[in-house]
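Structure record follows, encoded as structure tokens.
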Amino acid sequence: MLKSIRKNWKDILTIILIVSVIILSISLNKANTYKDMTQGYADNVFKDSISTAMSGLNIDYTSIELDEHSRNYHYSKIISGLGTASNLVPFTSYKDEKSDLSYTLERLELALVRAYSSGFKLETQTDIYNYLLEISLNPTDKETLDKLNKLIDLID
């Protein structure tokens, strides 16, 4: 038995290496599939978060019918949607070292927190809504981010 192992050690080693390579390739394939699935899920949650923020912008905050409780509720939808979306960017397929997506969403969130006490102008609210809609359709659009940053500068 020992003589046959010594005689065929190259064949045994080759078989072990082939089996190891097969197991490794299957493991890598599963890891890549899991990464793609997780990234797709993060993309969907990102878009849902932008949609949540947009739903809070559908309200006329200058309306007399809107009581303080409703105003706070809808306003918190904007802030939580923007916060969630900006925190999710690193896990999405939209992450790009050159993109300012996360930074722009964080700036917008902070600007809206500061603007809460002074109220919204309906034109600004509509513009924010439209830019968020464009971002949800194409998160990598640099031009939309630039326009939104200019609007944030006006809000601040």
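Please work out if TYR103 is surrounded by 12 or more Cβ atoms within 10 Å (Cβ to Cβ) and either in a helix (DSSP H, G or I) or out of contact with any Pro (no Cβ under 7 Å at 6 or more places or on another chain) (or both). The answer is yes for TYR103. Condition check: at pLDDT below 80 and not in a helix (DSSP H, G or I). Does SER117 satisfy that? Yes; evaluated as a whole, the condition is true for this residue.
Listed here are the residues, each with its yes/no results for (1) touching a residue at least 24 places away in the same chain (Cβ under 8 Å); (2) part of a helix (DSSP H, G or I); (3) closer than 24 Å to LYS147 by Cβ.
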| site | (1), (2), (3) |
| --- | --- |
| ILE16 | no, yes, no |
| VAL19 | no, yes, no |
| GLN39 | yes, yes, no |
| ASP48 | no, yes, yes |
| ALA53 | yes, yes, yes |
| ILE79 | yes, yes, yes |
| ALA85 | yes, yes, yes |
| SER99 | yes, no, yes |
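Just one of (1) within 22 Å of ASP127 (Cα to Cα); (2) surrounded by fewer than 18 Cβ atoms within 10 Å (Cβ to Cβ); (3) within 15 Å of the chain's Cα centre (by Cα) fails for PRO90. It is (1).
Sort out which residues of the range 55-77 are part of a helix (DSSP H, G or I) and not basic (Lys, Arg), and write them in order of number. Quick ask: steps written out before the conclusion?
At the first step, the residues of the range 55-77 found to be part of a helix (DSSP H, G or I) are 55-57, 68-77.
SER55, GLY56, LEU57, GLU68, HIS69, SER70, ASN72, TYR73, HIS74, TYR75, SER76, listed by residue number.
What do you reckon, is LYS35 over 24 Å from LYS150 (Cβ atoms), modelled with pLDDT under 90, out of contact with any strand residue (DSSP E or B) (no Cβ under 9 Å at 6 or more places or on another chain) and outside any loop (DSSP other than H, G, I, E, B)? Yes. The residues listed here are TYR75, TYR34; of these, the one that is surrounded by 10 or more Cβ atoms within 10 Å (Cβ to Cβ) and in contact with a Phe, Trp or Tyr (Cβ under 8 Å, 6 or more places away or on another chain) is TYR75.
Among the residues of the range 43-57, the one identified as touching a Lys or Arg at 6+ places or on another chain (Cβ under 9 Å) and of a type in the set (Val, Ile, Thr) is THR52.
The values are calculated or read from the model by the stated rules, or taken from the named source; none is laboratory data. Small disclaimer: the values here were computed from a predicted structure and weren't measured. In this analysis, Cβ positions are derived from the backbone assuming ideal geometry, glycine residues included, and neighbour counts consider all displayed protein chains.
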